[in-house]
């Protein structure tokens, strides 16, 4: 909603605007746009673990070494480079999908189709017979998932005014986390259920059964129907009219160059600080996450145990974290909650170091997974709201893709060496090291909270960031 004042501040960002009552802050979670974002968040979160965390569990159980698993996590770099094709998703029509569904929904449906095809391919390939076909299918899933993220981020930003973005981010994050639990815990349950017999390997651990994993990945492919149906039933958000390009060069200027130039014009020298914060905010979680499932396997936890703990305690604490993060962002300001999330994320990695000293301790696993999911929910809800506040609605898909790509690029690259590090120094040292990676984040959040910047307002209005 337009504000006639040239100095307009978002309620989620500054204490100078009237703070909404608790009842109004909570009612936003029942609005149709928020509920749609819950379902679409599920569709966005489902593929990620299936090409990263869950895949690492599957590969480790199949006897693939930790160093190879670490290198294969570079499949996730597709998410780090999605800004390259984001301008096409932002502007290029897809006849006949764009005619039938609109620009955002057309791209969403195409991307979801790629994810389903890739997941079916991963289901049909046995890693023991060769990793190459499985890797190509995983790359297809990652590319489709990254494309879905680009279109969905723009869809979310264009679906509500700025004061509701924190709530939409919380709903999106809740759906995303639920999908990650389904793709992490649920797929393990399905794989355990589909095993033809409790076969045991020579080491005493459960033997690898590719048929069980085939069933599990086919079920995950079918679960993408949640997102497909939601896209088909959702209205296309109202979009700003795009200027008509006179030639190819002018189109490229508007699609590829102008979104990035706009960000630099609005933030000037402060852009370097903001981009640095985005690049490392989730580094502790991302680097640690690649080795989490191989760690569970090596500690002797079964698929059923890991799935049960993640499903029951992970779901509850994720919901609490996302909800608390969204509400606190609206009440206290995004930057304060961003700092809280950074502290909690790094601290939760230290708990994994403690768990490594406990061996096969199910109670300790419950405590650590619960704390980790709570921290992740709070941090992610605030971080998504922060990224949304940086975008100009005229370039929402491209700019948000740039931000979310930066969030993953450096952490994913470093994570590729996580298996090498664990083989050399052990799990405890690895988890402590990932916690220490979060220290620079605290400094950058503190500096960024004191910036006065031009937010993503199409009218170029300025807003003061909330201070800690």
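List of remarks:
- Residue 378 being within 29 Å of residue 148 (Cα to Cα), touching a helix residue (DSSP H, G or I) at 6+ places or on another chain (Cβ under 6 Å) and without any contact (Cβ under 8 Å) to a residue 60 or more places away in the chain: yes
- Which listed residue is modelled with pLDDT of 85 or more and under 27 Å from residue 88 (Cβ atoms), from 233, 242: 233
- Selection status of residue 118, part of a helix (DSSP H, G or I), buried (at least 18 other Cβ atoms within 10 Å of the Cβ) and either in contact with a strand residue (DSSP E or B) (Cβ under 7 Å, 6 or more places away or on another chain) or modelled with pLDDT of 95 or more (or both): yes
- Residues (out of contact with any helix residue (DSSP H, G or I) (no Cβ under 7 Å at 6 or more places or on another chain) and in a helix (DSSP H, G or I)) located in segment 348-373: 354, 363, 367
- Qualifying residue in segment 55-69 (condition: surrounded by 16 or more Cβ atoms within 10 Å (Cβ to Cβ) and under 28 Å from residue 155 (Cα atoms)): no
- When the residues of segment 135-180 are filtered to those that are modelled with pLDDT under 80 and surrounded by fewer than 24 Cβ atoms within 10 Å (Cβ to Cβ), the one that is farthest from residue 106 (Cα to Cα) is 163.
- Any hit, segment 435-445, residues being touching a residue at least 24 places away in the same chain (Cβ under 8 Å), buried (at least 17 other Cβ atoms within 10 Å of the Cβ) and farther than 28 Å from residue 72 by Cα: yes
- Tally, over segment 75-86, of residues that are over 16 Å from the mean Cα position of the chain (by Cα) and surrounded by fewer than 22 Cβ atoms within 10 Å (Cβ to Cβ): 2
- Members of segment 121-159 that are in contact with a helix residue (DSSP H, G or I) (Cβ under 8 Å, 6 or more places away or on another chain), part of a helix (DSSP H, G or I) and more than 30 Å from residue 390 (Cα to Cα): 121, 122, 123, 124, 127, 128, 133, 134, 135, 136, 137, 138
- Of the helices (runs of 4 or more DSSP H) lying entirely inside segment 268-338, those carrying at least 3 residues that are closer than 23 Å to residue 63 by Cα are 283-298, 303-309.
The values are calculated or read from the model by the stated rules, or taken from the named source; none is laboratory data. Fair warning: this is a prediction, and the values are worked out from it, not measured in the lab. In this analysis, Cβ positions are derived from the backbone assuming ideal geometry, glycine residues included, and neighbour counts consider all displayed protein chains.
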